[in-house]
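See structure below.
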Amino acid sequence: MASKHIPSTVRKIVALRSSHKFREVAKIVTEPTPKPGEGEILVKNRFVGINASDINFTAGRYDPKAKFPLDTGFEALGEVVAAGPKSLYQPGQAVMYCQYGAFSDYKVVNSNRVIPLPAVKAEFLPFILSGNTAAISLDRVGEIKEGETVLVTAAAGGTGQIAVQWAKLKGCHVIGTCSSDEKVQFLKDIGCDRPVNYTKENLRQVLKQEYPKGVDVVYEAVGGEMFDTCVDSLALKGRLIIIGYIEGYESDKGYKPSRVLATLPARLLPKSASVRGFFLFHYVSDWGPYVMKQVQYFNEGRMQSIVDKGERTPGGPFKGLEKVADAVEYLYSKKSIGKIVVELGEDTPRSNL
């Protein structure tokens with residue numbers, strides 16, 4: 001079953017070769033519109049999300065054996081426009097998915113790997129990748145508990161904004177790092193107890209002076225010197241969750257060396273503290289329930305979802321595949337607030353079922 005107005009060809013962004021410089025290797029190509037097979041759906045993408053790891057993927061860091069040209073993009077939200085036999089959804093259903101190759105006008109996806117939504121709304125997009133990374137990692141890996149102190153690095157970003165709010169919903173005291181006074185105000189608006197603008201305040205000193213017993217849980221996305229400071233600031237039985245190390249993604253190596261790694265055991269052992277890694281794709285069974293919980297909180301007004309479509313950028317807003325490279329570079333400018341989203345077109349007319 002299919003809607004009308006499906007074009008015969010579609011466009012998508014591919015990486016021509018391995019590189020961490022997205023714009024230099026990204027190219028829009030045209031190919032015949034794929035048809036959904038058994039259990040599959042064709043989704044017209046309305047919004048795609050930008051992630052720090054977009055350049056890790058084009059650099060081949062997730063799959064060193066990847067063959068180029070390589071489809072790009074991790075997540076999209078849109079509407080089902082065609083469905084194969086035994087599909088779980090029919091045309092007209094709003095859905096969201098997380099799958100490689102999301103930077104495309106249309107995408108065929110297995111229907112059991114999408115999450116149904118009440119509407120095609122950009123504010124829902126942060127929940128599947130950024131939000132799930134925050135909520136699942138804090139619950140499953142960080143094991144946060146009411147009354148604990150939680151430090152969120154890069155707190156004003158797409159995943160940081162959800163981490164701050166999730167920890168607050170769990171009854172925690174939340175510290176958040178950011179890079180501007182505008183972001184400090186944003187963090188206050190979403191409930192952060194102690195925003196720290198690290199361009200004006202020394203984070204290590206703030207933590208030492210204001211939190212002498214240390215931090216119970218750290219949600220760490222930056223790496224480098226930030227990672228070192230966070231390790232040294234852990235409380236007794238503190239847990240540091242590594243969800244990324246964005247500070248080094250734009251380098252050839254993909255990371256910046258940590259000064260504390262060589263002595264990490266000696267730093268953790270006296271505190272019974274731990275450093276734990278988190279990779280979202282190891283928790284697929286949790287995706288649906290956690291997205292639904294975030295949607296519920298959003299609809300109830302208990303959680304905000306801020307999307308940044310580049311309206312404040314010189315070339316913005318971000319509309320169309322042509323703007324994806326601009327959006328990726330905007331993320332690394334440290335000027336964005338919330339989840340960066342690129343809009344890919346208007347609503348597809350719903351079919352008469």
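The values are calculated or read from the model by the stated rules, or taken from the named source; none is laboratory data. Only a predicted model underlies this, so the values are computations on that prediction, with no experimental measurement involved. Here Cβ is always computed from backbone atoms with ideal geometry, including for glycine, and neighbour counts include all displayed protein chains.
The residue that is surrounded by the most Cβ atoms within 10 Å (Cβ to Cβ), counting only those in segment 156-196 that are more than 22 Å from LYS293 (Cβ to Cβ) and of a type in the set (D, E, K, R), is LYS183. Scanning segment 29-48 for any residue that is farther than 17 Å from ALA83 by Cβ, in contact (Cβ under 8 Å) with a residue 12 or more places away in the chain and among the hydroxyl-bearing types (Ser, Thr, Tyr) turns up at least one such residue.
Table: residues versus (1) assigned to a strand (DSSP E or B); (2) surrounded by 14 or more Cβ atoms within 10 Å (Cβ to Cβ); (3) of a type outside the set (A, V, I, L, M).
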site: SER19; (1), (2), (3): no, yes, yes
site: THR30; (1), (2), (3): yes, no, yes
site: GLY37; (1), (2), (3): no, no, yes
site: VAL43; (1), (2), (3): yes, yes, no
site: ILE55; (1), (2), (3): no, yes, no
site: ARG61; (1), (2), (3): no, yes, yes
site: PRO64; (1), (2), (3): no, no, yes
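Within segment 101-122, the residues that satisfy the criterion of being under 30 Å from ARG23 (Cβ atoms) and in contact with a Phe, Trp or Tyr (Cβ under 7 Å, 6 or more places away or on another chain) are ALA102, VAL109, ARG113, VAL114, ALA122. If only residues of segment 236-260 that are modelled with pLDDT of 95 or more and crowded, with 19+ Cβ neighbours inside 10 Å are counted, the one that is nearest to the chain's Cα centre (by Cα) is ILE243.
Going by the conditions given, is ARG61 under 28 Å from ASP252 (Cβ atoms) and either in the same structural domain as ILE246 (by TED's automatic domain parsing) or touching a helix residue (DSSP H, G or I) at 6+ places or on another chain (Cβ under 6 Å) (or both)? It is false that ARG61 is under 28 Å from ASP252 (Cβ atoms) and either in the same structural domain as ILE246 (by TED's automatic domain parsing) or touching a helix residue (DSSP H, G or I) at 6+ places or on another chain (Cβ under 6 Å) (or both). Inspection of segment 177-187 identifies no residue that is under 18 Å from LYS237 (Cα atoms) and touching a residue at least 40 places away in the same chain (Cβ under 8 Å). Note on segment 102-145: among residues that are in contact with an Asp or Glu (Cβ under 8 Å, 6 or more places away or on another chain) and assigned to a strand (DSSP E or B), the one that is farthest from GLY345 (Cα to Cα) is ASN110. Specify the residue that is nearest to ALA66 (Cα to Cα); the eligible residues are those in segment 97-138 that are without any contact (Cβ under 8 Å) to a residue 60 or more places away in the chain and under 17 Å from the mean Cα position of the chain (by Cα). The qualifying residue nearest to ALA66 (Cα to Cα) is TYR100.
Looking only at residues of segment 290-327 that are among the small types (Gly, Ala, Ser) and in contact with a helix residue (DSSP H, G or I) (Cβ under 7 Å, 6 or more places away or on another chain), we find that the one that is nearest to THR133 (Cα to Cα) is SER305.
LYS65 meets each of the listed conditions (1) in contact with a strand residue (DSSP E or B) (Cβ under 6 Å, 6 or more places away or on another chain); (2) without any contact (Cβ under 8 Å) to a residue 24 or more places away in the chain apart from (1). Against the numbered list (1) at pLDDT below 95; (2) of a type outside the set (Gly, Ala, Ser); (3) crowded, with 21+ Cβ neighbours inside 10 Å; (4) assigned to a loop (DSSP other than H, G, I, E, B), PRO91 comes up short only at (1). Could you tell me how many of the residues in segment 261-272 are under 30 Å from THR58 (Cβ atoms) and crowded, with 17+ Cβ neighbours inside 10 Å? Looking only at that region, the number is 0.
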